[in-house]
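The values are calculated or read from the model by the stated rules, or taken from the named source; none is laboratory data. The shown structure was predicted, so the numbers you read here are calculated from the model rather than taken from an experiment. Here the Cβ positions follow ideal geometry from the backbone for every residue, glycine too, while neighbour counts run over all protein chains shown. Note: accessible area is taken over every heavy atom of the protein model, side chains too, but ligands, DNA and RNA are not part of it. Shrake-Rupley method; radii C 1.70, N 1.55, O 1.52, S 1.80 Å.
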Amino acid sequence: MSSHMIRGRQLSRDTEHRTAMRRNLVQSLFEHGKVRTTMPKAKEVRAMAEKLITLARTGTLNARRKVISLLNDRRLVDEEQEFTGKTVVQKLFDEVAPKFNGRSGGYTRIIKTSDFRIGDGGNVVLLQLADQTVAPTGTARRSAGLRRKRNERKHEFASQALKSAKTEKTTEATKPAEPA
């Protein structure tokens, strides 16, 4: 069986499960503004989300119908799990897409976290909409300094161990032999 020119990751799922998972993650991204998932899933969802935001920026009826066909629209709920009267597509066209009118792509960002999933140890990332109001937090890594400090501590420990071994040998050599 030939598999040339097939785009996208399989993600260890069959076709229906993969498309449903992608739709659900994109809907959650538009609903909440951010989603915690693994890196391969985030890269797949990012591509779909950016295409949908580009469609929504036009604001036409044809674009709305295309987004509904790709997304399978669902209703939004609040914190008490009560329906708010809006759908994900309405939120996409009314709130999300207008934020990116002056931008020509790059509507999402993937931020790597230091967390790992408990079950299989997969890397967890944060996929979020790249609003101008939300800036990425954190500082630059300083791993070289940590490596240097760790190396200095190892050498210091080794030199102390050598000194203590030498002092033990000298004390054993200087002890007089006990008579039997």
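The shape of region 1-83 comes out oblate: with a ≥ b ≥ c from the C-alpha gyration tensor, a/c is at least 1.5 while a/b does not beat b/c.
Using the 1.4 Å probe convention, the accessible area of region 11-50 works out to 50 Å² per residue with neighbouring protein chains retained.
Labels on offer are (1) 2, 9, 16, 20, 20, 15, 11, 5, 1, 1, 0; (2) 1, 7, 12, 18, 20, 17, 12, 7, 4, 2, 1, 0; (3) 1, 6, 11, 13, 13, 11, 8, 5, 4, 4, 3, 3, 3, 3, 3, 2, 2, 1, 1, 0, 0, 0, and the one holding P(r) over Cα pairs in 5 Å bins from 0, in percent computed from this structure is (3). What net charge is computed for the residues neighbouring R103, neighbours being all others with C-beta under 14 Å from the C-beta of R103, Lys and Arg scored +1, Asp and Glu -1? Once all neighbours under 14 Å are counted, the net charge is +1. Expressed as a whole percent, the accessible area of region 42-136 that falls on carbon and sulfur atoms is 51 (1.4 Å probe).
Can you give the FRET efficiency to the nearest 0.05 for N72 and S114, using r as the Cβ-Cβ distance and R₀ = 25 Å? Given R0 = 25 Å and the Cβ-Cβ separation, E is 0.15. A simple packing score, the average count of other Cβ atoms within 10 Å per residue, orders the peptides 99-110, 26-37 as 26-37, 99-110, with the highest score first. Placing a label point 7 Å from the Cα of N24 along the Cα-to-Cβ direction, the residues of region 63-77 with a backbone N closer than 20 Å are 68-77. Per residue, the average separation of C-alpha pairs within less than 8 Å and at least 6 apart gives the chain a relative contact order of 21 percent. Give the shape of region 7-46 as rounded, prolate or oblate, defined through the alpha-carbon gyration tensor: a ≥ b ≥ c are the square roots of its eigenvalues, a/c under 1.5 means rounded, and otherwise the shape is prolate if a/b is larger than b/c and oblate if not. Note, shape of region 7-46 comes out prolate. Axis angle, to the nearest 10 degrees, between helix 39-58 and the longest C-alpha principal axis of the chain: 30 degrees.
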